[in-house]
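This report refers to the structure that appears directly beneath it.
The values are calculated or read from the model by the stated rules, or taken from the named source; none is laboratory data. All of these numbers come straight from a predicted model, not from anything done at the bench. Quick reminder, even Gly has a Cβ in these numbers, built from the backbone with ideal geometry, and neighbours come from all protein chains shown. Surface areas here come from the heavy atoms of the whole protein model, side chains and all, with no ligands, DNA or RNA. Shrake-Rupley method; radii C 1.70, N 1.55, O 1.52, S 1.80 Å.
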Amino acid sequence: MDYYKEVEGKRVHDHRFGKNTMSTLARCIWVPCPVIIGAGPSGLAVAACLKERGIPSLILEKANCIASLWKLKTYDRLRLHLPKQFCELPFMPFPANFPTYPTKTQFVAYLESYKNSFGLDPVFNKTVVSAEFDDQCGFWRIKTLGLKQEETEYVSQWLIVATGENADEVVPRIDGMDDFGGPILHTSSYKSGLLFRGKDVLVVGCGNSGMEVSLDLCNSKARPSLVVRNSVHVLPQEMLGKSTFGLSMWLLKWFPVRLVDRFLLLVSRFMFGDTEKFGLHRPEFGPLELKNRSGKTPVLDVGTLAKIKSGNIKVCLGIKRITLRAVEFVDGKKENFDAIILATGYKSNVPQWLKVINTMRLLYKDHILC
(Lines give C-alpha, C1' and ligand atoms only; values in the text may rest on other atoms or scores of the structure.)
Protein backbone atom coordinates (compact mmCIF):
# COMPACT_ATOMS: atom_id res chain seq x y z
CA MET A 1 0.00 0.00 0.00
CA ASP A 2 3.07 2.29 0.24
CA TYR A 3 2.75 3.03 -3.47
CA TYR A 4 -0.69 4.56 -2.97
CA LYS A 5 -1.67 7.61 -0.95
CA GLU A 6 -4.13 6.56 1.72
CA VAL A 7 -6.23 8.92 3.78
CA GLU A 8 -8.46 7.49 6.48
CA GLY A 9 -11.24 9.26 8.36
CA LYS A 10 -10.45 12.78 7.11
CA ARG A 11 -11.06 15.12 4.22
CA VAL A 12 -8.64 14.97 1.29
CA HIS A 13 -7.05 18.31 0.45
CA ASP A 14 -4.54 18.01 -2.38
CA HIS A 15 -3.54 20.18 -5.33
CA ARG A 16 -4.35 17.28 -7.67
CA PHE A 17 -7.97 17.24 -6.51
CA GLY A 18 -8.69 20.90 -5.98
CA LYS A 19 -9.91 22.46 -2.81
CA ASN A 20 -12.05 20.25 -0.56
CA THR A 21 -13.39 18.20 -3.47
CA MET A 22 -13.96 14.98 -1.54
CA SER A 23 -16.14 14.41 1.47
CA THR A 24 -15.14 12.51 4.60
CA LEU A 25 -15.02 8.76 4.04
CA ALA A 26 -14.04 5.79 6.15
CA ARG A 27 -11.20 5.12 3.73
CA CYS A 28 -9.99 6.92 0.61
CA ILE A 29 -7.03 5.86 -1.52
CA TRP A 30 -5.34 7.94 -4.20
CA VAL A 31 -4.06 5.69 -7.00
CA PRO A 32 -1.46 7.34 -9.28
CA CYS A 33 -1.86 4.62 -11.92
CA PRO A 34 -4.73 3.02 -13.89
CA VAL A 35 -7.41 1.19 -11.91
CA ILE A 36 -8.52 -2.05 -13.57
CA ILE A 37 -11.88 -3.49 -12.53
CA GLY A 38 -11.95 -7.26 -12.95
CA ALA A 39 -9.28 -9.94 -12.46
CA GLY A 40 -10.44 -12.23 -15.23
CA PRO A 41 -8.41 -12.97 -18.37
CA SER A 42 -8.97 -9.47 -19.80
CA GLY A 43 -8.02 -7.67 -16.62
CA LEU A 44 -4.87 -9.76 -16.19
CA ALA A 45 -3.91 -9.23 -19.83
CA VAL A 46 -4.31 -5.44 -19.61
CA ALA A 47 -2.29 -5.30 -16.39
CA ALA A 48 0.49 -7.39 -17.98
CA CYS A 49 0.58 -5.18 -21.08
CA LEU A 50 0.85 -2.07 -18.93
CA LYS A 51 3.58 -3.62 -16.79
CA GLU A 52 5.59 -4.57 -19.88
CA ARG A 53 5.64 -0.85 -20.66
CA GLY A 54 6.67 0.11 -17.15
CA ILE A 55 3.20 1.21 -16.06
CA PRO A 56 1.87 -0.22 -12.78
CA SER A 57 -1.83 -0.73 -12.17
CA LEU A 58 -4.29 -1.59 -9.42
CA ILE A 59 -6.69 -4.49 -10.09
CA LEU A 60 -9.94 -4.59 -8.11
CA GLU A 61 -11.83 -7.92 -8.02
CA LYS A 62 -15.16 -8.60 -6.31
CA ALA A 63 -14.45 -12.33 -5.77
CA ASN A 64 -11.72 -13.90 -3.64
CA CYS A 65 -9.73 -15.20 -6.62
CA ILE A 66 -8.77 -14.46 -10.19
CA ALA A 67 -10.93 -15.78 -13.04
CA SER A 68 -13.87 -16.26 -10.67
CA LEU A 69 -16.27 -17.15 -13.49
CA TRP A 70 -14.03 -20.03 -14.55
CA LYS A 71 -13.18 -21.16 -11.02
CA LEU A 72 -16.55 -20.83 -9.32
CA LYS A 73 -19.32 -20.81 -11.93
CA THR A 74 -18.46 -23.39 -14.58
CA TYR A 75 -19.21 -27.10 -14.90
CA ASP A 76 -16.53 -29.74 -14.51
CA ARG A 77 -16.36 -31.00 -18.11
CA LEU A 78 -15.89 -27.54 -19.61
CA ARG A 79 -13.09 -27.03 -22.11
CA LEU A 80 -12.16 -24.04 -24.23
CA HIS A 81 -14.42 -24.10 -27.26
CA LEU A 82 -11.72 -22.48 -29.40
CA PRO A 83 -8.18 -23.76 -30.02
CA LYS A 84 -5.67 -22.59 -27.44
CA GLN A 85 -3.74 -20.35 -29.84
CA PHE A 86 -6.81 -18.10 -30.10
CA CYS A 87 -7.21 -17.88 -26.32
CA GLU A 88 -3.69 -17.24 -25.07
CA LEU A 89 -2.92 -13.97 -23.31
CA PRO A 90 -0.20 -11.52 -24.44
CA PHE A 91 3.46 -12.48 -23.98
CA MET A 92 2.75 -16.02 -22.74
CA PRO A 93 1.57 -18.96 -24.89
CA PHE A 94 -0.06 -22.05 -23.43
CA PRO A 95 2.30 -24.87 -22.44
CA ALA A 96 3.20 -27.05 -25.42
CA ASN A 97 1.88 -30.17 -23.69
CA PHE A 98 -1.64 -28.72 -23.33
CA PRO A 99 -4.21 -30.18 -25.74
CA THR A 100 -5.73 -28.13 -28.53
CA TYR A 101 -8.77 -27.49 -26.35
CA PRO A 102 -7.51 -27.11 -22.76
CA THR A 103 -9.70 -28.24 -19.88
CA LYS A 104 -11.13 -25.92 -17.28
CA THR A 105 -8.43 -26.99 -14.80
CA GLN A 106 -5.66 -26.40 -17.33
CA PHE A 107 -6.97 -22.97 -18.31
CA VAL A 108 -7.24 -21.86 -14.67
CA ALA A 109 -3.70 -23.13 -14.02
CA TYR A 110 -2.51 -21.14 -17.04
CA LEU A 111 -4.13 -17.96 -15.68
CA GLU A 112 -2.57 -18.49 -12.24
CA SER A 113 0.83 -18.96 -13.87
CA TYR A 114 0.24 -15.82 -15.93
CA LYS A 115 -0.56 -13.80 -12.82
CA ASN A 116 2.53 -15.05 -11.04
CA SER A 117 4.84 -14.58 -14.02
CA PHE A 118 3.96 -10.89 -14.28
CA GLY A 119 3.81 -10.33 -10.54
CA LEU A 120 0.19 -9.20 -10.60
CA ASP A 121 -1.41 -8.70 -7.19
CA PRO A 122 -5.16 -7.99 -7.41
CA VAL A 123 -7.07 -6.60 -4.45
CA PHE A 124 -9.79 -9.21 -3.82
CA ASN A 125 -13.24 -8.96 -2.24
CA LYS A 126 -13.81 -5.43 -3.52
CA THR A 127 -17.22 -5.00 -5.14
CA VAL A 128 -17.50 -1.81 -7.16
CA VAL A 129 -20.78 -0.07 -6.36
CA SER A 130 -20.14 3.07 -8.37
CA ALA A 131 -17.51 4.59 -10.64
CA GLU A 132 -18.03 8.21 -11.52
CA PHE A 133 -15.89 10.78 -13.27
CA ASP A 134 -15.62 13.97 -11.27
CA ASP A 135 -15.51 16.83 -13.78
CA GLN A 136 -14.53 19.30 -11.09
CA CYS A 137 -11.28 17.58 -10.11
CA GLY A 138 -10.69 15.58 -13.30
CA PHE A 139 -10.45 12.13 -11.72
CA TRP A 140 -12.42 8.90 -11.41
CA ARG A 141 -13.94 8.12 -8.02
CA ILE A 142 -14.45 4.38 -7.63
CA LYS A 143 -16.44 3.32 -4.59
CA THR A 144 -16.25 -0.28 -3.35
CA LEU A 145 -17.63 -2.48 -0.60
CA GLY A 146 -15.64 -5.19 1.17
CA LEU A 147 -16.72 -8.44 2.79
CA LYS A 148 -17.88 -6.63 5.92
CA GLN A 149 -19.56 -3.89 3.90
CA GLU A 150 -16.69 -1.54 4.65
CA GLU A 151 -16.47 1.32 2.16
CA THR A 152 -13.34 2.22 0.25
CA GLU A 153 -13.04 4.87 -2.42
CA TYR A 154 -10.22 4.75 -4.97
CA VAL A 155 -9.36 7.90 -6.89
CA SER A 156 -7.48 7.73 -10.18
CA GLN A 157 -7.06 9.52 -13.46
CA TRP A 158 -7.61 6.32 -15.43
CA LEU A 159 -10.31 3.63 -15.27
CA ILE A 160 -10.18 0.37 -17.21
CA VAL A 161 -13.32 -1.79 -17.19
CA ALA A 162 -12.45 -5.48 -17.67
CA THR A 163 -15.47 -7.20 -16.16
CA GLY A 164 -16.56 -8.86 -19.40
CA GLU A 165 -20.06 -9.65 -20.58
CA ASN A 166 -20.69 -12.52 -18.16
CA ALA A 167 -20.80 -10.87 -14.75
CA ASP A 168 -24.36 -11.62 -13.59
CA GLU A 169 -26.61 -14.61 -14.28
CA VAL A 170 -29.72 -14.07 -16.39
CA VAL A 171 -32.57 -15.82 -14.57
CA PRO A 172 -35.90 -15.50 -16.40
CA ARG A 173 -39.17 -15.42 -14.52
CA ILE A 174 -41.38 -18.20 -15.86
CA ASP A 175 -44.99 -18.55 -14.87
CA GLY A 176 -45.30 -21.12 -12.08
CA MET A 177 -41.61 -21.38 -11.14
CA ASP A 178 -42.43 -21.18 -7.44
CA ASP A 179 -44.82 -24.14 -7.77
CA PHE A 180 -42.36 -26.59 -9.30
CA GLY A 181 -41.38 -28.27 -6.04
CA GLY A 182 -38.01 -29.46 -7.32
CA PRO A 183 -34.57 -27.94 -7.93
CA ILE A 184 -34.32 -25.07 -10.41
CA LEU A 185 -30.74 -23.92 -10.87
CA HIS A 186 -28.71 -21.77 -13.23
CA THR A 187 -25.77 -23.35 -15.05
CA SER A 188 -23.51 -21.22 -12.85
CA SER A 189 -24.41 -23.67 -10.04
CA TYR A 190 -24.25 -26.81 -12.19
CA LYS A 191 -21.11 -28.95 -11.81
CA SER A 192 -21.79 -32.48 -13.03
CA GLY A 193 -24.58 -34.61 -14.45
CA LEU A 194 -23.77 -37.35 -11.92
CA LEU A 195 -26.04 -35.60 -9.41
CA PHE A 196 -28.96 -36.14 -11.80
CA ARG A 197 -28.39 -39.78 -12.74
CA GLY A 198 -31.68 -41.49 -13.55
CA LYS A 199 -33.66 -38.23 -13.42
CA ASP A 200 -35.70 -36.34 -16.01
CA VAL A 201 -34.04 -32.94 -16.42
CA LEU A 202 -35.20 -29.99 -18.50
CA VAL A 203 -32.44 -27.69 -19.80
CA VAL A 204 -33.71 -24.24 -20.75
CA GLY A 205 -31.54 -22.58 -23.39
CA CYS A 206 -29.74 -23.92 -26.45
CA GLY A 207 -26.51 -21.95 -26.50
CA ASN A 208 -23.10 -23.55 -26.03
CA SER A 209 -23.69 -24.08 -22.29
CA GLY A 210 -27.17 -25.54 -22.73
CA MET A 211 -25.99 -27.92 -25.42
CA GLU A 212 -22.97 -29.08 -23.43
CA VAL A 213 -24.88 -29.47 -20.15
CA SER A 214 -27.45 -31.59 -22.01
CA LEU A 215 -24.63 -33.78 -23.34
CA ASP A 216 -23.11 -34.08 -19.87
CA LEU A 217 -26.47 -35.12 -18.41
CA CYS A 218 -26.93 -37.69 -21.16
CA ASN A 219 -23.46 -39.15 -20.59
CA SER A 220 -24.24 -39.32 -16.86
CA LYS A 221 -27.31 -41.52 -17.46
CA ALA A 222 -29.84 -38.74 -16.87
CA ARG A 223 -32.73 -38.14 -19.29
CA PRO A 224 -32.34 -34.57 -20.57
CA SER A 225 -34.78 -32.50 -22.62
CA LEU A 226 -33.66 -29.27 -24.24
CA VAL A 227 -35.85 -26.19 -24.69
CA VAL A 228 -35.15 -24.56 -28.06
CA ARG A 229 -37.33 -21.48 -28.17
CA ASN A 230 -35.52 -19.54 -30.90
CA SER A 231 -33.57 -20.32 -34.04
CA VAL A 232 -29.93 -21.36 -33.59
CA HIS A 233 -26.86 -22.01 -35.71
CA VAL A 234 -25.10 -25.27 -34.84
CA LEU A 235 -21.69 -25.67 -36.47
CA PRO A 236 -19.15 -28.47 -36.13
CA GLN A 237 -16.27 -27.55 -33.84
CA GLU A 238 -13.92 -28.56 -36.63
CA MET A 239 -14.33 -28.88 -40.38
CA LEU A 240 -11.89 -29.99 -43.09
CA GLY A 241 -9.39 -30.87 -40.39
CA LYS A 242 -9.28 -27.30 -39.05
CA SER A 243 -11.07 -25.54 -36.22
CA THR A 244 -14.21 -23.88 -37.55
CA PHE A 245 -13.24 -20.63 -35.83
CA GLY A 246 -9.72 -20.62 -37.24
CA LEU A 247 -10.93 -21.51 -40.73
CA SER A 248 -13.53 -18.74 -40.57
CA MET A 249 -10.93 -16.14 -39.55
CA TRP A 250 -8.68 -17.21 -42.42
CA LEU A 251 -11.49 -17.12 -45.00
CA LEU A 252 -12.58 -13.66 -43.86
CA LYS A 253 -9.19 -12.31 -44.96
CA TRP A 254 -10.10 -13.11 -48.54
CA PHE A 255 -13.88 -13.27 -48.82
CA PRO A 256 -16.91 -11.25 -47.63
CA VAL A 257 -18.88 -12.36 -44.58
CA ARG A 258 -21.90 -13.63 -46.51
CA LEU A 259 -19.77 -15.83 -48.76
CA VAL A 260 -17.95 -17.30 -45.75
CA ASP A 261 -21.32 -17.91 -44.08
CA ARG A 262 -22.53 -19.81 -47.15
CA PHE A 263 -19.44 -21.99 -47.02
CA LEU A 264 -19.87 -22.71 -43.29
CA LEU A 265 -23.51 -23.64 -43.72
CA LEU A 266 -22.80 -25.82 -46.75
CA VAL A 267 -20.14 -27.82 -44.88
CA SER A 268 -22.34 -28.00 -41.78
CA ARG A 269 -25.24 -29.41 -43.80
CA PHE A 270 -22.91 -31.97 -45.37
CA MET A 271 -21.69 -33.06 -41.92
CA PHE A 272 -24.93 -32.78 -39.91
CA GLY A 273 -27.68 -33.02 -42.48
CA ASP A 274 -30.77 -30.83 -42.11
CA THR A 275 -30.87 -29.78 -38.44
CA GLU A 276 -34.44 -28.52 -38.81
CA LYS A 277 -35.60 -32.14 -38.85
CA PHE A 278 -34.55 -32.31 -35.20
CA GLY A 279 -36.16 -29.04 -34.11
CA LEU A 280 -33.10 -26.83 -34.59
CA HIS A 281 -34.16 -24.10 -37.01
CA ARG A 282 -31.45 -21.90 -38.47
CA PRO A 283 -31.76 -18.08 -38.31
CA GLU A 284 -32.40 -15.90 -41.33
CA PHE A 285 -28.83 -14.55 -41.28
CA GLY A 286 -25.66 -16.64 -41.47
CA PRO A 287 -23.66 -17.38 -38.30
CA LEU A 288 -21.02 -14.67 -38.79
CA GLU A 289 -23.44 -12.03 -39.98
CA LEU A 290 -25.75 -12.80 -37.06
CA LYS A 291 -22.81 -12.45 -34.67
CA ASN A 292 -22.01 -9.04 -36.14
CA ARG A 293 -25.63 -7.90 -36.01
CA SER A 294 -26.75 -9.16 -32.60
CA GLY A 295 -23.72 -10.59 -30.80
CA LYS A 296 -25.35 -14.04 -30.77
CA THR A 297 -22.65 -16.70 -30.98
CA PRO A 298 -23.18 -19.91 -32.99
CA VAL A 299 -23.05 -23.22 -31.14
CA LEU A 300 -19.91 -25.27 -31.74
CA ASP A 301 -21.05 -28.85 -31.43
CA VAL A 302 -19.02 -31.17 -29.20
CA GLY A 303 -21.28 -34.22 -29.57
CA THR A 304 -24.72 -33.01 -28.52
CA LEU A 305 -26.25 -33.15 -31.98
CA ALA A 306 -25.55 -36.88 -32.30
CA LYS A 307 -27.45 -37.45 -29.02
CA ILE A 308 -30.35 -35.37 -30.32
CA LYS A 309 -30.44 -37.38 -33.54
CA SER A 310 -30.44 -40.65 -31.61
CA GLY A 311 -33.29 -39.47 -29.39
CA ASN A 312 -31.22 -39.51 -26.19
CA ILE A 313 -31.78 -35.76 -25.88
CA LYS A 314 -35.31 -34.57 -26.59
CA VAL A 315 -35.90 -31.13 -28.14
CA CYS A 316 -38.86 -29.14 -26.79
CA LEU A 317 -40.51 -25.87 -27.77
CA GLY A 318 -40.81 -22.86 -25.50
CA ILE A 319 -42.30 -23.11 -22.01
CA LYS A 320 -45.83 -21.86 -21.38
CA ARG A 321 -45.91 -22.49 -17.63
CA ILE A 322 -44.42 -24.60 -14.87
CA THR A 323 -46.54 -26.69 -12.50
CA LEU A 324 -45.82 -29.17 -9.71
CA ARG A 325 -42.94 -31.33 -11.04
CA ALA A 326 -44.12 -30.72 -14.60
CA VAL A 327 -43.79 -28.25 -17.48
CA GLU A 328 -46.39 -27.26 -20.05
CA PHE A 329 -45.02 -26.20 -23.42
CA VAL A 330 -46.41 -23.74 -25.97
CA ASP A 331 -47.50 -26.57 -28.25
CA GLY A 332 -49.81 -27.89 -25.52
CA LYS A 333 -47.66 -30.85 -24.48
CA LYS A 334 -47.03 -31.44 -20.78
CA GLU A 335 -44.18 -33.51 -19.34
CA ASN A 336 -42.92 -34.38 -15.87
CA PHE A 337 -39.43 -33.39 -14.72
CA ASP A 338 -37.34 -33.85 -11.60
CA ALA A 339 -35.17 -30.76 -12.12
CA ILE A 340 -34.81 -27.70 -14.32
CA ILE A 341 -31.48 -26.20 -15.34
CA LEU A 342 -31.44 -22.64 -16.70
CA ALA A 343 -28.81 -22.26 -19.40
CA THR A 344 -29.98 -18.71 -19.96
CA GLY A 345 -26.62 -17.00 -19.98
CA TYR A 346 -25.15 -13.95 -18.33
CA LYS A 347 -25.17 -10.18 -18.69
CA SER A 348 -22.83 -7.32 -17.94
CA ASN A 349 -23.34 -5.46 -14.68
CA VAL A 350 -21.42 -2.36 -15.79
CA PRO A 351 -24.54 -0.21 -16.39
CA GLN A 352 -25.43 -0.68 -12.71
CA TRP A 353 -22.32 1.03 -11.36
CA LEU A 354 -20.63 3.01 -14.15
CA LYS A 355 -21.97 6.56 -13.92
CA VAL A 356 -21.09 8.13 -17.25
CA ILE A 357 -23.11 11.07 -18.52
CA ASN A 358 -21.19 11.67 -21.73
CA THR A 359 -19.41 8.45 -22.63
CA MET A 360 -18.08 9.57 -26.00
CA ARG A 361 -16.49 12.68 -24.52
CA LEU A 362 -14.78 10.63 -21.82
CA LEU A 363 -13.57 8.06 -24.33
CA TYR A 364 -12.12 10.87 -26.41
CA LYS A 365 -10.29 12.23 -23.40
CA ASP A 366 -8.84 8.75 -22.66
CA HIS A 367 -10.19 8.71 -19.10
CA ILE A 368 -11.89 5.34 -19.54
CA LEU A 369 -11.02 2.16 -21.38
CA CYS A 370 -13.53 -0.65 -21.88
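For the options LEU217, LEU354, LEU44, a Gaussian network treatment of the chain with springs between C-alpha atoms closer than 10 Å singles out LEU354 as fluctuating the most. Once the Cα-Cα distance is subtracted from the 0.36 nm per residue extended length, the PHE86 to CYS49 segment shows a gain of 11.6 nm. For the chain, a Gaussian network of Cα nodes joined below 10 Å ranks ASP178, ASP301, ASP168 by mean-square fluctuation, and the top entry is ASP178. Is any residue of region 107-126 close enough, with backbone N under 17 Å, to a label point placed 7 angstrom from the Cα of GLN149 along the Cα-Cβ axis, and if so, which? So the set is 126. Counted residue by residue at 0.36 nm each, then reduced by the alpha carbon distance between them, the extension gain from ARG197 to ALA306 reaches 37.2 nm. Given their separation in residues at 0.36 nm each and the Cα-Cα distance between them, SER231 and ARG258 gain 7.9 nm when the chain is fully extended. Taken over the alpha carbons of the chain as equal point scatterers, the Debye sum produces base-10 log I(q)/I(0) values at 0.12, 0.13 Å⁻¹ of -1.03, -1.14.
Building the convex hull from the alpha-carbon atoms of region 90-248 and averaging its projection over directions returns 15.9 nm². Within the accessible area of region 170-346, the carbon and sulfur atoms contribute 54%, probe 1.4 Å, all protein chains present. Of all segments of the chain bounded by chymotrypsin sites (Phe, Trp or Tyr not before Pro) found in a DSSP loop with no more than 16 other C-beta atoms within 10 Å, the longest spans 92-253.
Could you state the angle between the C-alpha long axis of helix 104-117 and the longest principal axis of the C-alpha atoms of the chain, as a value from 0 to 90 degrees rounded to the nearest 10? Value to nearest ten degrees: 20. Where does helix 41-52 land angle-wise versus the long Cα axis of the chain, in degrees 0 to 90, nearest 10? Taking Cα atoms only, the helix is inclined about 40 degrees. For the pairs LYS126/LYS320; LYS115/LYS199; LYS104/LYS314; LYS221/LYS320; LYS51/LYS143; LYS71/LYS148, note any where the Cα-Cα span goes beyond 30 Å. Checking Cα-Cα distances, LYS126/LYS320; LYS115/LYS199 exceed 30 Å.
Principal axis extents of the Cα atoms in region 170-346, from largest to smallest and rounded to whole angstrom, are 55, 29, 29.
Qualifying trypsin sites (Lys or Arg not before Pro) in region 209-247, where qualification requires a DSSP coil assignment and no more than 15 other C-beta atoms within 10 Å, comprise LYS221, ARG229.
Taking each DSSP H run with n ≥ 4 as -39500 (n - 2.57) and averaging over every residue of the chain yields -7000 deg cm²/dmol at 222 nm. Per residue, the chain exposes an accessible area of 51 Å² to a 1.4 Å probe, with every protein chain left in place.
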